[in-house]
Amino acid sequence: MSRPVDAVIEYLEAESARGRTHIFLDDSARDTLRELFIKSRSKPKPTVEETLPAPAPPTPKKITELSVSGANKAEKLASIRQQAATWAPARDLGTLRETMVFATGNPEAEIMLIGEAPGYNEEKEKEPFVGPAGKKLNDILKAMGISREEVYISNLVKFRPALPRQTTNNRKPTAEEMAACLPLVKEEISIVKPKIIIALGGTAAEGLLGMEGTVGSMRGKWHEVSGTPTRVTYHPSYLLQSGGSTNVKRSLWEDMLAAMEKLGMPISEKQKSYFLPKK
Ligand code: URA
């Protein structure tokens, strides 16, 4: 863009080319030239486009309906995992933290274990059951003769429930939070098609089975979730909190024995006798 001062320079150069060495300037011409000089040194005015704020990055579209895609179980789960991150019924509650913790383990598993919600450790690792409760769960699986990698481990709620000024403290998910995430876990069940489900703890059991009650009142029998036999047992963290009560350990172990029996797994005499009083 040419500036007014350029026109003056052009004029002076043309006069100089004609051999003119002096130009008379009256006071007003001097003032005008001074003004033009000052203007030419200041920054050019930004264009309208430059004054507009930078466009915000596109916000990911919130998902309100799930659609499964993929050629096998792993791909189908990956498609649900991706949609879960912006699952509107959960995100719109505004009570759950940002980081999604989806599931871990074998998409072809016969056993699906479902807890309530991720905590501090799980959020950090983006994997369910990696804290002290997770280590206890690994021990339980080991006693059954299976590894963590063989089973599918998930949570009913896919985001850590939020608290004010939260550090390492966790809270249980509310019934509303569980209801919001239930379609996600139901989709996982219909993709994995486990032979059995084990609900870990009363909160997960209430959310999955849609009933209220203590673990004591719900365990010891088979329920059904999406047509899949479902056993309720104590949460591994309850085992840690209950000060190693043999009663709780034996009850949980009996639920695991029932699960093993249902799957036709071999059960040794030693396994049958875990946590029984010594004769
Ligand atoms: N408790 C749960 O219910 N889920 C986890 O992932 C960890 C602890």
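What follows draws every value from the coordinates through simple rules; no lab data is involved. In this text, all values refer to a predicted model and were calculated from it rather than measured experimentally. No Cβ is skipped: glycine too gets one built from the backbone with ideal geometry, and neighbour counts run over all protein chains shown.
Filter the cross-link list Lys73/Lys172; Lys126/Lys262; Lys172/Lys249; Lys126/Lys172; Lys172/Lys278; Lys73/Lys126 down to pairs whose alpha-carbon distance in this structure exceeds 26 Å.
Working: Lys73/Lys172 30 Å; Lys126/Lys262 31 Å; Lys172/Lys249 22 Å; Lys126/Lys172 18 Å; Lys172/Lys278 37 Å; Lys73/Lys126 20 Å.
Lys73/Lys172; Lys126/Lys262; Lys172/Lys278, as the Cα separations exceed 26 Å there.
How large is Rg over Rh for the chain, taking Rg from the Cα atoms and Rh as the Kirkwood inverse mean of 1/r across Cα pairs?
Working: Rg = 34.2 Å, Rh = 23.1 Å.
Here the Rg-to-Rh quotient is 1.48.
For the charge dipole of the chain, defined by +1 on Lys and Arg C-beta atoms and -1 on Asp and Glu C-beta atoms about the Cα centroid, which residue among Met178, Ala54, Ala258 has the Cα displaced farthest towards the positive pole?
Positive-end residue among those listed: Ala258.
Under 19 Å Cα-Cα from Lys279, which aspartates and glutamates qualify once same-chain neighbours fewer than 8 residues away are excluded?
Glu254, Glu269
To the nearest 10 degrees, how steep is helix 132-144 against the longest Cα principal axis of the chain, on a 0 to 90 scale?
So the helix axis and the longest Cα principal axis differ by about 40 degrees.
Dipole of segment 73-272, Cα-centred, from +1 at each Lys and Arg C-beta and -1 at each Asp and Glu C-beta, to the nearest 20 debye?
Dipole size: approximately 360 debye.
What is the Cα centroid distance between segment 2-39 and segment 99-118, reported in whole angstrom?
If we compute the Cα centre of each part, the gap is 79 Å.
Once Lys and Arg get +1 and Asp and Glu get -1 on their Cβ, which of Gly202, Ala85, Val151 lies farthest toward the positive end of the dipole of segment 80-226?
Going by the Cα projections, it comes out as Gly202.
I'd like the distance between the alpha-carbon centres of segment 143-163 and segment 204-279, rounded to an integer number of Å.
Cα centres, segment 143-163 to segment 204-279: 16 Å.
Only Lys, Arg, Asp and Glu count, each charged at its Cβ (+1, +1, -1, -1), so figure out the dipole size of segment 55-154 about its Cα centre, rounded to 20 debye.
On the way: 13 positive and 14 negative charges, 42 e Å.
That gives segment 55-154 a dipole magnitude of about 200 debye.
If contacts are Cα pairs under 8 angstrom and at least 6 residues apart, what is the relative contact order of segment 73-272 in percent?
Details: 337 pairs, mean separation 44.1, N = 200.
22 percent.
Using only the alpha carbon atoms of segment 136-279, find the Kirkwood hydrodynamic radius as the inverse mean reciprocal pair distance, in angstroms to one decimal.
Details: mean 1/r = 0.0612 Å⁻¹.
Hydrodynamic radius (Kirkwood, Cα pairs) of segment 136-279 is 16.3 Å.
Restricting to segment 73-272, compute how many DSSP beta bridges are antiparallel as a %, nearest 5. Could you put the intermediate results ahead of the total?
Working: 9 of 21 bridges.
Roughly 45 percent of the DSSP beta bridges within segment 73-272 come out antiparallel.
Using r as the Cβ-Cβ distance of Thr228 and Asn169, and R0 as 35 Å, what FRET efficiency do you calculate, to the nearest 0.05?
Numbers: r = 33 Å, r/R0 = 0.95.
It comes out at approximately 0.55.
Among the aspartates and glutamates, which have Cα under 14 Å from the Cα of Lys76 when same-chain residues fewer than 8 positions away are ignored?
Here the aspartates and glutamates satisfying the reach criterion relative to Lys76 are Glu108, Glu187, Glu188.
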